[in-house]
Amino acid sequence: MRRTLDLTVSESQLAVDALAEASGLPKQRIKDAMAKGACWWAQKGKQVRLRKAKRELKPGTRIQLFYDDQVLGLKPEQPDLLEDLGRYSLWYKPHGLLAQGSQWGDHCSLLRLAEVALSRPCYLVHRLDADAAGLMLVAHDSKAAGALSQLFSGRTVTKTYRATVTGQLNADDLIIDAPLDGKESVSRVTTLAIHPDENTTDVQVLIETGRKHQIRRHLAGIGHAIVGDRLYGSAHPSGLCLKAVQLQFVCPLTGKARNFSAPSRKTD
């Protein structure tokens with residue numbers, strides 16, 4: 001069941017009571033949906049999630065519920081905290097986990113799971129496809145988020161990925177520079193291992209730009225779609241064989257060079 005509710009309360013009442021009365025849903029389901037980030041209200045002119053079921057609402061307060069029992073029923077695989085550096089942290093995001101939530105909830109997102117695990121604010125710094133796995137940074141204050149985000153948008157982060165592609169590809173720093181969405185896009189591909197029996201190839205990919213699905217589209221464009229790419233190739237039981245394995249940059253907060261690599265157990 002998928003439904004939305006846009007409600008302005010006419011009298012003081014608890015959020016859970018108002019939503020249950022207007023939607024006809026049991027209070028326990030409402031509480032679960034609120035805890036998982038499916039309820040919204042305005043605070044200081046900005047739409048934010050309302051999680052507290054027993055929040056008392058004043059007359060005229062507007063709240064919205066985006067209820068999808070399939071989304072709310074999902075159970076996320078937990079991310080791994082690799083390093084806590086105070087103002088930001090390094091995580092390994094598993095396949096299938098969103099970077100951030102949607103209006104329908106955020107309990108299956110790295111950002112929310114990090115927030116719960118560390119009990120501090122979390123800000124998204126960069127993105128990684130939900131289907132992909134790998135390293136992600138999460139900032140813990142707005143200034144750190146702004147500084148780290150500029151690194152990614154300013155092309156001063158070296159991002160290395162590993163993928164398994166279909167077919168046998170011999171590449172030694174192959175440059176793929178086909179524009180994507182009318183914008184400059186550059187990926188550099190190097191073969192790591194060829195598997196003739198499986199007709200697949202393991203490759204390393206460095207990207208100089210960060211377009212949507214860049215690696216997936218570039219590799220599919222040269223006839224070597226990533227194994228498990230349901231959008232640009234064919235689905236596979238093991239999922240998308242794409243991982244972000246290394247991040248290198250000069251930290252804007254400390255001036256120190258940082259070189260983060262995924263644990264070997266995650267890249268085998």
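Each value in this text was obtained by applying a stated rule to the coordinates, not by laboratory testing. Given the structure is predicted, the values throughout are model-derived calculations rather than measurements. Virtual Cβ from ideal backbone geometry, glycine too; neighbours counted across all protein chains shown.
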| note | Note on the range 110-200: contact order normalised by length, alpha-carbon pairs under 8 Å, 6 or more apart, percent, works out to 18 percent
| Using helices alone, what [θ] at 222 nm do you get for the chain, with -39,500 (n - 2.57) per DSSP H run of 4 or more residues, divided over all residues and rounded to the nearest 500? | -5500 deg cm²/dmol
| request: Would you kindly state how much longer the chain becomes between SER234 and GLN70 on full extension, computed as 0.36 nm times their sequence separation minus their alpha carbon distance, in nm to one decimal? | output: 56.6 nm
| message | Sorting check: for 5-13, 206-214, which peptide has the highest mean count of neighbouring beta carbons within 10 Å, and how do the rest follow? | response | 206-214, 5-13
| said: Straight-line reach from LYS58: which lysines fall under 20 Å, measuring Cα to Cα and dropping same-chain residues less than 8 apart? | reply: LYS27, LYS31, LYS44, LYS46
| note | GLU184 and ALA22 label points (each 7 Å along its Cα→Cβ direction) are spaced in nm at 4.9 nm
| task | Can you tell me the alpha carbon radius of gyration of the range 158-245 divided by the globular rule-of-thumb value 2.2 N^0.38 Å? | result | 0.99
| request: Kindly count the pairs of lysines across the range 110-268 whose alpha carbons are less than 20 Å apart, treating pairs on different chains or eight or more residues apart as eligible. | output: 9
| note | Between (1) 51, 44, 35; (2) 60, 42, 39; (3) 69, 43, 38, the structure-derived Cα extents along the principal axes in Å is (3)
| said: Can you give me the C-alpha center-to-center distance between the range 4-18 and the range 69-122, rounded to a whole angstrom? | reply: 29 Å
| remark: Low-density loop chymotrypsin sites (Phe, Trp or Tyr not before Pro), the range 204-268, at most 16 other Cβ within 10 Å, DSSP non-H/G/I/E/B, are TYR232
| Normalised contact order of the chain, rounded percent, pairs of Cα under 8 Å and 6 or more residues apart | 13 percent
| Where Lys and Arg each count +1 and Asp and Glu each count -1, what net charge lies around ALA193 among other residues with Cβ under 11 Å from its Cβ? | -1
| query | All other residues with a Cβ under 14 Å from the Cβ of GLY182 taken together, and with Lys, Arg as +1 and Asp, Glu as -1, what is their net charge? | reply | +1
